[in-house]
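Written below as structure tokens is the structure these notes are about.
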Amino acid sequence: MPIFGQGVIPAAGSTANELSAFTRRAFVPYMYVQLYNSSPFMATLLANSQYATGGVSSVTVPVQGASLVAGGWSDYSGTFQQPANLNGGLNLEFNLKLFITPIPFLGMEGAVQMDHAIIPLIKARMNDSTNFAMDTFSSTIFNNTGSSTPTYGGTQGFIGLPAAIDDGTNQTTYGNQSRTTNTWLKSKVYAAGSVNPTRQNVLQYIAGVCKLGGEMPTMGVMGLGTWALLAQDFQATEQIMITPGNSGFDDGAEGPRSAFRGLLIAGVPIFADPYCPEGTLYLINDNYLNLYVHKACNFAFTGFESTLSNWQVGYVGAVLTLAELVSAKPKTMGRVGSYNYLSI
């Protein structure tokens with residue numbers, strides 16, 4: 001719909017109608033996507049994803065939950081008790097989850113747009129299929145508890161961090177094993193108690209996770225408002241050093257450097273992700289947390305098939321992804337909730 005009466009375009013009337021009828025529009029030949037955010041954590045999972053194949057329980061992780069041997073102190077004689085055959089191994093089992101994005105292509109759409117398309121609609125849909133899937137994956141990863149509620153995928157979606165990093169509050173079973181029976185499947189879960197995130201209290205929770213799992217987390221993830229409040233604890237003590245005779249402080253192209261993209265606490269970098277719920281910190285060990293993706297179904301396109309059998313001229317295709325988020329050692333990770341955060 002043309003805008004009349006503004007700038008160099010005359011007010012609505014015969015002159016404006018004539019000008020509009022006989023003048024091409026000056027289109028920008030790009031479509032700028034307004035709907036989605038980028039997710040650093042989801043990008044990291046995809047970049048470091050592991051291959052999976054078919055089979056029932058497509059991702060099966062053998063784990064040891066009890067001692068396989070027993071020993072004791074001895075004396076000068078060197079005697080010991082007869083060894084027993086101890087059983088401590090079992091499997092964590094996960095099924096891959098399927099995400100389908102159908103892509104329609106009407107026959108007459110192609111005829112109308114041929115040689116006259118500013119933005120080919122089929123190309124826009126193909127591009128949007130990836131963006132839409134990534135947006136859905138990111139929301140699911142940070143919100144799906146694995147329950148039957150379909151809001152974020154339920155039992156058919158990726159098992160998200162609220163279930164993978166949990167003490168049994170959200171999910172009493174994980175990997176088809178009971179967290180009540182197998183307490184080593186429990187993660188550390190804390191309630192910060194409506195306080196600001198600071199280096200001191202984040203360090204406390206990092207230490208708690210390390211004490212339970214015996215290993216330090218390798219990274220932390222927060223919502224942007226929570227992360228920005230934590231950053232204020234760093235910036236309060238930030239100093240900018242001036243070296244006389246050294247250029248780059250006030251006359252450099254970038255000016256003085258201030259603040260950080262990652263906040264390092266006890267060697268654990270804390271990053272911000274727009275999909276992470278505010279007030280929550282996930283302490284993650286990426287040695288044991290992986291996205292497993294089927295090697296033949298990683299954003300795979302089926303190709304277009306005719307819709308003539310449905311009495312319509314056109315085509316339909318689909319983009320398929322078969323994957324699951326798997327934590328092989330939940331006790332090395334933790335979740336902290338109830339932090340204050342900035343409204344941004």
- Query: Per 20 Å bin, what percent of the C-alpha pairs of the chain does each bin hold, from zero upward?
  - Reply: 22, 41, 28, 7, 1, 0
- Hydrodynamic radius of the stretch 85-214 per Kirkwood, over alpha carbon pairs, in Å: 18.7
- If you bin every alpha carbon distance in the stretch 297-344 into 10 Å steps from zero, what whole percent lands in each bin? 18, 20, 19, 19, 15, 10
- Query: Ranking Tyr339, Tyr205 by Cβ neighbours within 10 Å, fewest first, what do you get?
  - Reply: Tyr205, Tyr339
- What does the highest-first list of 126-138, 19-31 look like by mean Cβ count within 10 Å? 126-138, 19-31
- Query: List the lysines whose alpha-carbon lies under 28 Å from that of Lys211, not counting same-chain residues fewer than 8 positions away?
  - Reply: Lys186, Lys188, Lys329, Lys331
- Message: Can you give me the Rg/Rh ratio for the stretch 126-189, using Cα atoms for both radii and the Kirkwood formula for Rh?
- Response: 1.09
- Message: Against the 2.2 N^0.38 Å scaling, with N counting residues, where does the stretch 173-237 land? I'd like the Cα-based Rg ratio to two decimal places.
- Response: 1.38
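What are the semi-axes of the equivalent ellipsoid of the stretch 37-111, taken as the square roots of 5 times the eigenvalues of the Cα gyration tensor, listed largest first and rounded to whole Å?
The answer is 55, 16, 8 Å, longest axis first.
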- Item | HN-Hα J in Hz across the stretch 195-203 - Karplus 6.51, -1.76, 1.60, θ = phi - 60°, x for Gly and Pro | 10, 6, x, 10, 4, 5, 7, 5, 4
- Highest GNM mean-square fluctuation, the chain, Cα pairs closer than 10 Å: which of Leu212, Leu68, Leu325? Leu68
- Message: To make sure I understand the rule: partners must be lysines, Cα under 16 Å from the Cα of Lys295, and not fewer than 8 residues away in the same chain. Which ones qualify?
- Response: Lys97
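Read-outs: derived from the displayed coordinates by stated rules, not from any lab. Only a predicted model underlies this, so the values are computations on that prediction, with no experimental measurement involved. Using ideal geometry, Cβ is built from the backbone for each residue, glycine included, and neighbour counts are taken over all protein chains shown.
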